[in-house]
Structures are given as C-alpha cells and as structure tokens.
C-alpha cells in the first residue's frame, strides 16, 4: 500500500499552478508522467519517490549514501581490530 | 534500479545483521506498522539473518485489511449501480465483503476498474460525463495527498460526476492505541517510512516519551529494515527511548509541507473503526465541508448489508502483535487467501496473507544461514 | 491529534466475509491455485484416466510401436497484437512447445478459430500471416481447421485453439515428464523471465519504455532437439506460461513431493522487466512467459546441458537456478538475495487476466 518507487526526472511540464505541474520520470527504463505538485524543488536529473502517480519526496543523494559509509567504516574497523570476515 | 537495488545488497545485509548480533543481550519485541515492510521482511526471509532474541511482529499496517467490512459492502453496492464507473487500487478488489468482493461484482457485470492513481479516476469522470466515477480512497497518510489533490482538482475544474469513498486511517493514533493496551508486547517500533515522508515524524516524540519506546522511522528495502532494527536494538540495549530517522534519503522531520497543506485543506480528522480492532479515536480522515459534495458515502446513502462476525478469527490479537499468524488455529486450515476469515488474510499485504504466501507456517521455519563472517558472541 | 482520549481496551471483532464458489471467476484461468482446483474438482472426476492423470503438458500415446505426443491449447490474449507478436504467434508456439516438452518433434497442427462479428479483416490477415511464418519456422504444417463466428460482444475479436501431434523419435528412450524428476536434479531455465507478461501489460497500462519490451514468444523445439541429440539425460521439460516460473515449479514439486530450492541471485530477469514489476507491484516469478522452459537434468550433466543450450539462439541465456531436494513438506523455496529463505507459493488470485 505504501509502494513508492524511485525514478529520475527527465523532463518537467509546467502548467501555471503548481497543482498541475507534471514531470516525465524514468524508472529503470520505463517512462511515466507523474504529478510534481508536492515536490516544487524537483529538477531534471534529480530522483524522486513516486507513490500512486505523485512524487512525494526528492531523494537526498548524500543521505542515501549514509548506510554504505557506515558499512564501510564497520568493515574497516573490523579489519583493524583483527576480525576479518571469512 | 537506482536507490532501490543497492539496498538489497547481500554483503551489506550480512554486515548489518552481524552488528545486531553483537548488540543484542536479551529478547526484544519490535513492531512495524506497514504492509510494505511486512512484505519485505517475509519475502526476503530477513528474520533468518537475525538472532532468535529479536521477535518481529506486524501491526495493523495494511489499510486494505483494516477497512471495515461495511465499507466494502457499501463499495460493492455503489459499484453495482449501472451509472457508476467504480475505480479502485488493485488490492481492494479481492477483499470479500459480507457476500461478495468488488471482483465478484465485476464478474457479474459491474463496471469496476483498476487504476494506479486517483487522478485516473478523475480523468474517467471527465471522459464519461453521462456516468458517475467513484474512487475508493483507501490508504494511510501516504496516499492522502493524492486523494486530496483529486478532490481539489475536481473542485477546481467543476467536475460534478466524481466522488470519493474515503477510508483513510492514521498511524500514530493506532500506535498509541496499541501501546496503551494492557496486553501490549511491543518494546520498539519501526515507523512507516512513507507515512513519515508525508507527515514528518514530529508526532512520534510525545509517544516515545509517554510510553518509553524507541521509534525509528524506517524504509522498505532489506538494508533499510535491518538498519532500522539495529538502531532500535541499540536504543533498547542502551535504555534510550528516542525518535530516530533511518530513512534519511526520503524523509525529513517536518515531512512534506505542500502535501500536508493540501491534506489539511481537503480533509479533517475523525474517529474511525478499524476492522479487527474496533474504533480508534481521531484515527481517520473525512472530507471537509467544502468538499463533502465529493463524498460518495453521502451521494449514495443506500443501506448496505449488515456485517456478521467470525468467532474463529483472532485478527485483533494478530494486529496487535500478540499472536503470530501461524499461531492461529484457523491459519492455513480454514482460513486461506481463497477463503479468508478475517482482515489480515484478505489483502496481499496483511500479515496472515504474507505469512501464508511466503510459507511461514511454523516457528521452526526460521533457518540460520551461514553468515560470511562469524559473529563473536 | 495524539492527545485525544486513549483507548485501553479493544473491541475485538472481525466480521466474516464469504467467498462465492458457485461461479467461474477470472482467477480460474490464471494458472494458479484456483485453476488447479477447477481441474481437480470438475474435470478430473469426469474424465480421469491414466494419461490425463500424468498432468503433463501433453499426452504421450503409444500407437503401433511409435510414441506420439498429443496436446491442445487455447489462446484468449488481449490485446490481440502486442510488442513482439500477436495471438497467431502464441497459437503456434504454444502448442509446438507443449509437444517439445514431451520430447516430441512437432509435426502437425489443427487450428480452430472463433471470430467475433465486426473483426477487421486486416487483423485476421495479420494473425494468419504470423501463424504461417511461425509454423514454417517450427517445421510444422497446419493440416486441419475450423472457423466459427459469434455475435459482436461475445468474443474478444479472436479466440484460437490449436491442437498438435508430434513424434517421439525412436532413439529417445527416456520417458520425459514430472514423474522422472529425481532428488539432486539441477533445474535449468532457458532464458530470462517475464517478458511476455510485461509486453502485454505495457499495452494495457500504457507503459512507455525507452526501448520496448518484446514478448518472448518463440518455438523452443530447437533447444530440446539439441539436448536430445547430445544424449543429455532429460528428466523433465516444462514450458513456462501464465503463472510464470513459480507456478510451473510448484506443479512439479507437488506432483513429485520434493522441494525445489532456488537462488534468487541466479534467476535471470532483464532490468527493464524488473523495473516494470517494481512499478506495478508484480513478482517476476509469477509473470507469464511464452518462449521459455525449465529442464531437469542430473546434477552431473548440468554443465553439459547448459553448453548445448547456449549454442541454440532461443536458449542462449540458459542458466542453472537451483536444485531438487528431499523434503515432504516444502514445495518451492527461494534463498533471497540477502540470504534469507522464503517459500514460493502457488499463485492465489490471478495477477493478470487474459495474458496468453
């Protein structure tokens, strides 16, 4: 029910009122038109999270890396402490 | 797919699981309230990576499951009107009402259509001026901005042959209700990531404080859920009860302001009955006065079939996480997706349906695979 | 919002819903659980005989010292024409493939058409031309047929039934079917999953692709022929159609009371197909295919089988995805990408109506 899929904005179609702002979004090779009414900060090239035809958030690409940085640190620490993964 | 596939990485999952093994010193029960998270957990066999000390329970995270049966009966009654094009998300179609589901009504000739967005229903209204388009507006807060926009655009464009049958439910009141119950077994929560993308997570601070439970806003992919569990377990082991955000790439504390504004413009908060749990105060949305002309409940005041009770269904206990689906005597015996006895089996996102489909028939189904690095315990 | 009065007791109740079982619903045609129930409850009791009870894609009949394979299939796809083909391609390939799954060289086909009043003649021409090309490509002849027309509104343009006869060559000694599957067998799939289902959906849902997904409808006999000629010990062949890989494997596992263990990382799904599945909330394991099959061979022959298959265009992406294990209680189990296990169940409702 909370199915939201990330996609890259490839084109923006403005029609005056923000409520009618739409964008063409690419989801791994599939193109769909979605409403950008709730993501005024969306730009071409950015990634948005889309739920039932509406972009609900622009993905923060720096924050998206956080868990991988944490895992890298953990992996590095374990090597330092001598706990090398088998 | 970018920002999706990398959160399914095996090595990352093992590493996070390993961190959980290191932290855990005693049993903890953690609940998530989102069908999407339930699905990921069961579908990826995530519990197989975790120590047995961690018990994951599933709350009432499926708005389809908690939609009262009277509303399903109402939907079916409306759909059977010859002038109506009844539009709905796919998963609502299979939910049985007292005598039939929307899918059955479709088989009998009702014009029932699956749409992916409420705006599709509005488009159908505009394209079919002689008929009435009705949209089954079911969902948590995540879907409310879309439904609000449909009502708002209908108003803006003066579309009259359009209406919404609203069944919106809110997560924080359900969490409070669960926590305040004397049978509550839950010690930590994974808050539904996309609900918080819209609403932010300000509302959870008083809850965490009042009930002394850690609440971690969590995403939907395996790495998200493992990280969310790790953060929750860390808090529990350290005796903290704070609100934290795991789903930082998509969720901010204040949430999505334009979406919240549109919701507030179109909807107001009301008490709502939750199927399997009873009425929870201030736990739902209904259309505000200005938009009540789009309320399908008012437009079609027909009396629907009264609902009967099943004495065997223990869904109330399942939805509170007190029992697991396979602990119900009817599970997979009398109660199956083809013959559901209650709410969590009816929708593909319900806990019972997920357990049934992915085969968690007994507790010993959990298998500890070989982790590539041995945890030191 | 959260300050409103807090409940301490729940009014626990859940009204019981009823499921109608006195009518056919679309799910009965989905290839999943309900289809099987229909077969077991209605058709088997009426028609049951040893050959039918094999429950294989086709029947193998002993006639005057030769073994013939005989099969039938009906095609009700909507839309009639889709990216990568049309109902005509499916009608020929579907039946030819069912014969191939018995280890038989496809020889002769019949075709019965039910046409809807008002169908454009050009559409019929297109479909028939495709059938002619597909038949020629598969080396089969259409030797008999029938045509009926129904009133406008009583059909989907065209419904086709094709039946087929094939010959199991004398040098093929083995009996190929689910009954021959052994514990320890390797499970090989002939190519990537889900293209046909997504190709159909792309038309129905108006999905736009950067590069369109084409249906994988194809004749798989050349791959089977190559395996037979190479002397590979084939235990079972099964083509994947509606209901996808999951349905096919469930049927075999429950027939033989074994467990089929799969590894998610090995299962081939093209990226765009995966994306489409994410967007539509579908599981590629259940999405329809029309030119793919699974083959069960002894583990020791898996590499040889793959080498043979990869030389044939229709199976050049063949890959081993799992193995058969001993187990009375489980059916198909998948080890997920992250290492956890889950059961791959039989399809409950139907994912997509009128898919093939």
Chain B: relative contact order in percent, alpha carbon pairs under 8 Å with at least 6 residues between: 23 percent
Bridge type composition, the protein assembly as shown - antiparallel percent by DSSP, nearest 5: 65 percent
FRET efficiency, 1/(1 + (r/R0)^6) with R0 41 Å, evaluated for residue A:31 and residue C:121 via beta carbons: 0.75
Prolate/oblate/rounded label for segment B:161-287 (Cα gyration tensor, a/c 1.5): oblate
Cβ-derived FRET efficiency at R0 60 Å, residue B:182 paired with residue A:12, nearest 0.05: 0.70
Segment B:116-254 - share of DSSP beta bridges that are antiparallel (%, nearest 5): 0 percent
Chain B: angle of helix B:257-266 to the longest principal axis, Cα-based, in degrees nearest 10: 40 degrees
Residue B:293 versus residue C:141: modelled label distance in nm, points set 7 Å from Cα along the beta carbon direction: 7.2 nm
Relative exposure of C:93, B:194, A:51, B:241, judged by other C-beta atoms within 10 Å (fewest first): B:241, A:51, B:194, C:93
Beta bridge orientation in segment C:16-171: antiparallel %, DSSP, nearest 5: 75 percent
Segment B:147-306, relative contact order in percent, only Cα pairs under 8 angstrom and at least six apart counted: 30 percent
Whole-angstrom gap from segment B:1-54 to segment C:200-255, using each part's C-alpha centre: 33 Å
Gap separating the Cα centres of segment C:112-126 and segment A:17-59, nearest whole Å: 42 Å
Sum of -39500 (n - 2.57) over DSSP H runs of 4+, divided by residues of chain B (222 nm, nearest 500): -10000 deg cm²/dmol
Fewest-first ranking of C:211, C:130, B:5, using other Cβ atoms within 10 Å as the exposure measure: C:211, B:5, C:130
Global geometry of segment B:59-211, whether rounded, prolate or oblate, following the gyration tensor of its Cα atoms and the 1.5 cut on a/c: oblate
Separation in nanometres of the label points that stand 7 Å from Cα toward Cβ, at residue B:209 and residue B:52: 4.0 nm
Computed label-point distance, nm, for sites residue B:130 and residue C:154 using a 7 Å Cα→Cβ extension: 2.5 nm
Relative contact order (%) - chain C, alpha-carbon pairs under 8 angstrom, separation at least six: 23 percent
Ranked C:278, A:72, criterion: other C-beta atoms within 10 Å, fewest first: A:72, C:278
Chain C: calculated mean residue ellipticity at 222 nm from DSSP helix runs of at least 4, using -39500 (n - 2.57): -8000 deg cm²/dmol
Computed E for residue B:253/residue B:113 - FRET, C-beta separation, R0 30 angstrom, nearest 0.05: 0.20
Shape call, segment B:81-133: gyration tensor on alpha carbons, a/c limit 1.5: oblate
Gain in span if fully extended, residue C:51 to residue C:180, counting 0.36 nm per residue against the direct Cα distance: 44.9 nm
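Just so you know, all these numbers are worked out from the coordinates, no wet-lab data involved. No experiment lies behind these values; they were computed from the predicted model shown. Glycine gets a Cβ as well: all are built from the backbone with ideal geometry, and neighbour counts include every protein chain shown.
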